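FYI, it's all coordinate maths here, none of it is from the lab. Keep in mind that what you see is a predicted model, and the values were worked out from it rather than measured. Cβ placement follows ideal geometry from the backbone for every residue including glycine, while neighbour counts extend to all protein chains displayed.
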Amino acid sequence: MEARYGSVTVTLTNGLLMCACEVLTTLLVSALFKAQLLAQVSVFLSFSLS
């Protein structure tokens with residue numbers, strides 16, 4: 001019973017780590033996309049105000 005419980009714990013821990021990695025990756029990609037979009041808007045505004 002202990003071996004099975006340990007296996008379940010390891011499986012859950014691995015699943016949580018994978019989920020956390022996916023969340024962090026999604027946040028990073030989202031932040032990069034927003035930064036790129038803001039940079040493009042900034043350049044567009046500077047050209048249209050000139």
Label-point separation, S7 to L37 (7 Å along Cα→Cβ), nm: 4.6
Ranked S48, S7, criterion: other C-beta atoms within 10 Å, fewest first: S48, S7
